[in-house]
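Remarks on the structure that follows.
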Amino acid sequence: MSNRRKIRIRACIVMPRVVMLLCITTFFACDRQEDIIIKDQYGKIADAAQLSAGTSTIFNIGNSAYDTPASWVTGNLLTRFYAGDKLYDDNRSTEGGKGPLYAGSSCGSCHNHAGRTLPSMYTKDAGSGSSGFSSQLVYITRQNGFFFRNYGRVLHDQSIKGVEVEGKLKVHFTEEEFSFPDGEKYSLQTPHYEITEWYADSISPKDLIVDVHIPLRHVGMGQIMALDHDELRRLAALSNYPEYGISGRLSMITERNKQYIGVGGNKAHHADLTVELGFSSDLGVTNDRYPLEVCEGQSQNIGYSHYGIQITTREMEDVDLYMSALGVPARRNVNDPEVKRGEDNFYKAQCHLCHTPTLHTRQDAPVLLNGTRLPWLCNQTIHPYSDFLLHDMGPGLDNHVRTGSAYSYEWRTTPLWGIGLQQMVNGHTHFLHDGRARNFIEAIMWHDAEGAVSRELFKRMSKDERDALVSFLNSL
């Protein structure tokens, strides 16, 4: 078997007590290699070009492509995976299950099949309210960056019966048409937000910043949490291309009194999968880390504080496990001539300078929030198509809010793995943090500042060249 087709994983060996202590003191470094052969959907040994995430690569092109366990998830781990999957999708409709205020009825309501549920602002509803589900997070702050006294960072536009929502989002769009040099037309739409029906203060629009984010795909979350941070530091040190105006930087964040490299979220402002925060802020589900209701102190919280802790840390770790153990869809059509031309054009447009094709996971086993370790994620060659650094994306995508160490105009490079299956999984092709881009071409044409070089090189390509690049993106 050639080295190209031999995929390895490392795992801690079950050894006598003394040696096991050595394994622990080396941070559960993955000490043994064992060969795992990855086969495609036809039972053939997979080509290395298809393996998006090493041994976590799966061959599924259906609507569950983001929602399938990796092949190493077996036995008790698989039992816990499905327990976490159930909690992820649970609408928690029983007494005291969620709320009284919330932004999502379950993790899966926003991340259908672990993907991106289409938000209501891109449907006929064009907003949100107390009935119906919006599938978007609405962040509100004062112009000076502080929160409003009667509201938190997130506007909770959903509530249980008898409780007022904090407010409702209204959206309208302006659209401008453009042409490529060869005459093909495209248009860009810009969303404009307002909040109506405030439950308490009527906040002046002059003092309000509204920032709306649509759900992220939960593709490759385990690998993202297992990234080799030394490699990211090297990328940041080398990510300086003055000839192209590109200079990415690490997002450094402080959580629980420790400093970390941020890799999660649109602004790389999280160091973990934020399961505890998601249950609290998004679902209104109290837990050991966030024991207070999100509306603690608000008038509508009276009578709703007696439910206590609504989800245990062990249960949340099963959700953490579920997200970490999801397989990553293999690349498709890698030998198709059109896809190969598109890949060449991806490099010609300098997209790879930020959307780094290949990274690696570290040697020590990632640890979940209740102590479970996942050595199967160690020492993997992965292809996320992201450097996980912050880049200036220009005034058009400036959300006017500083998040962690990220300035308002900076965004984490979006990982592209699995992106070509979003239409299959979730039935839409809305991209960027707020979904304003309705297809790949619009997403590229929104790039500015550090992304301007790729936008302009793409713009000057012929229609056939642009179409080929889109075919390549669809293969990821």
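Since every read-out is calculated from the coordinates, none of them should be taken as a lab result. Fair warning: this is a prediction, and the values are worked out from it, not measured in the lab. Positions of Cβ are backbone-derived with ideal geometry, glycine not excepted, and every protein chain shown enters the neighbour counts.
Projecting label points 7 angstrom from Cα along Cα→Cβ for Asp230 and Asp344 puts them 3.8 nm apart. Among the DSSP helices (H) of the chain, those spanning at least 15 angstrom by Cα along their long axis with an average Kyte-Doolittle hydropathy of -0.5 or more are 75-89; this is a geometric and hydropathy rule only.
Take region 58-217, drop everything but the C-alpha atoms, weight them equally and run the Debye formula without solvent; then report log10 I(q)/I(0) at 0.10 Å⁻¹ to two decimals. Taken in order of the listed q values, log10 I(q)/I(0) reads -0.51. Filter the GluC sites (Glu not before Pro) in region 247-344 down to the DSSP loop ones having no more than 16 other Cβ atoms within 10 Å, then list what survives. Taking region 247-344 and a limit of 16 other Cβ atoms within 10 Å, the loop GluC sites (Glu not before Pro) found are Glu296. Exposure proxy ranking for Val263, Val165, based on other Cβ atoms within 10 angstrom of each Cβ and starting from the fewest, stands as Val165, Val263.
The Cα-based radius of gyration of region 369-470, divided by its Kirkwood radius, gives an Rg/Rh of 1.03. Within a straight-line Cα-Cα reach of under 15 Å, Lys161 can be paired with the following aspartates and glutamates, leaving aside sequence neighbours fewer than 8 residues apart in one chain: Glu95. Counted without the sites themselves, the longest stretch of the chain free of trypsin sites (Lys or Arg not before Pro) in a DSSP loop having at most 10 other beta carbon atoms within 10 Å is 257-476. For Lys86, a cut-off of 23 angstrom between C-alpha atoms picks up these lysines, skipping any fewer than 8 places away in its own chain: Lys98. Taking a ≥ b ≥ c as the square roots of the eigenvalues of the Cα gyration tensor of region 164-300, is the shape rounded (a/c under 1.5), prolate (a/b larger than b/c) or oblate? Taking the square roots of the gyration eigenvalues as a ≥ b ≥ c, region 164-300 is oblate. Our estimate of slack between Arg149 and Ala237, defined as 0.36 nm per intervening residue step minus the Cα-Cα distance, is 27.6 nm. Quick one: check the C-alpha center-to-center distance for region 145-218 versus region 377-415, whole angstrom. Using only Cα atoms, the two centres lie 21 Å from each other.
Do the sum for the chain: with -39,500 (n - 2.57) for every DSSP H run of n ≥ 4, divided by all residues, what is the mean residue ellipticity at 222 nm, to the nearest 500 deg cm²/dmol? Show your work: numbers first, answer last.
Values: 11 runs with 99 residues, N = 476.
Taking each H run of at least 4 residues, the total per residue is -6000 deg cm²/dmol.
The residue among Thr429, Pro291, Thr57 whose Cα reaches farthest toward the positive pole of the charge dipole of the chain, with charges on the beta-carbon of Lys, Arg, Asp and Glu, is Thr57. With a Förster radius of 60 Å, plug the Cβ-Cβ distance of Tyr82 and Glu456 into 1/(1 + (r/R0)^6) and report the FRET value to the nearest 0.05. Calculated transfer efficiency: 0.80. Bridgeable lysines around Lys206 (alpha carbons under 18 Å apart, same-chain partners fewer than 8 residues away excluded): Lys168, Lys170. Once you have a ≥ b ≥ c as the square roots of the Cα gyration tensor eigenvalues for region 64-118, tell me rounded if a/c is under 1.5, and otherwise prolate or oblate according to whether a/b is larger than b/c. Oblate, since a/c reaches 1.5 and b/c is not below a/b. For region 309-402, rounded, prolate or oblate, judged on the Cα gyration tensor with a ≥ b ≥ c (square roots of eigenvalues), a/c < 1.5 rounded, else prolate if a/b > b/c? Oblate is the answer for region 309-402, as a/c is 1.5 or above yet b/c matches or exceeds a/b. Restricting the chymotrypsin sites (Phe, Trp or Tyr not before Pro) of region 378-476 to loop positions (DSSP other than H, G, I, E, B) with no more than 16 neighbouring Cβ atoms within 10 Å leaves Tyr407.
Sorted from fewest to most neighbouring beta carbons within 10 Å, what does the list Val453, Val367 look like?
On the way: Val453 20, Val367 15.
Going from sparsest to densest Cβ surroundings: Val367, Val453.
Residues in region 268-274 carry Karplus couplings, in order, of 6, 9, 10, 9, 9, 7, 6 Hz; the curve used is 6.51 cos²θ - 1.76 cosθ + 1.60 with θ = phi - 60°, and Gly or Pro positions show x. Neighbour counts of C-beta atoms inside 10 Å place Thr117, Thr381 in the sequence Thr381, Thr117, starting with the fewest.
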